[in-house]
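Right, one structure below, let's go through it.
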Amino acid sequence: MIESIINPLDTSWGIWLITLGSAWLVGVSKSGLKGIAMFTIPLLAHFYGGMASAGLLVPFLVFWRHVCHPLLL
């Protein structure tokens, strides 16, 4: 029961690390290192599929913009 709450897509923790790293790379791309985000979209689409990867990346980007980014300024 608790595993379904913590890991709702039933994926390995390695794939979650790849997902968080991809979201971090997109955030870095938005802050000045242009072009690096083009590697993250195919990577996430490979592991999750097209629609699921977009649904995963958007919450990470919102979290980065509103929580982590102000802490770095």
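Of note:
- Single condition I18 does not satisfy, out of (1) free of Cβ contacts under 8 Å to residues at least 24 places away in the same chain; (2) within 22 Å of R65 (Cα to Cα); (3) not aromatic (F, W, Y): (1)
- Here S31 meets each of (1) under 13 Å from I15 (Cα atoms); (2) among the polar types (S, T, N, Q); (3) open to solvent by 80 Å² or more (accessible area, probe 1.4 Å) with one exception, condition (1).
- Any helices (runs of 4 or more DSSP H) falling wholly within the chain and containing at least 3 residues that are at pLDDT 75 or above and of a type in the set (A, V, I, L, M): 13-30, 40-48, 50-63
The values are calculated or read from the model by the stated rules, or taken from the named source; none is laboratory data. Remember, it's a predicted structure, so these values are computed and weren't measured experimentally. Note that each Cβ is placed from the backbone with ideal geometry, even for glycine, and that neighbours are counted across all protein chains shown. Keep in mind that these areas ignore ligands, DNA and RNA; they rest on the heavy atoms of the full protein, side chains included. Shrake-Rupley method; radii C 1.70, N 1.55, O 1.52, S 1.80 Å.
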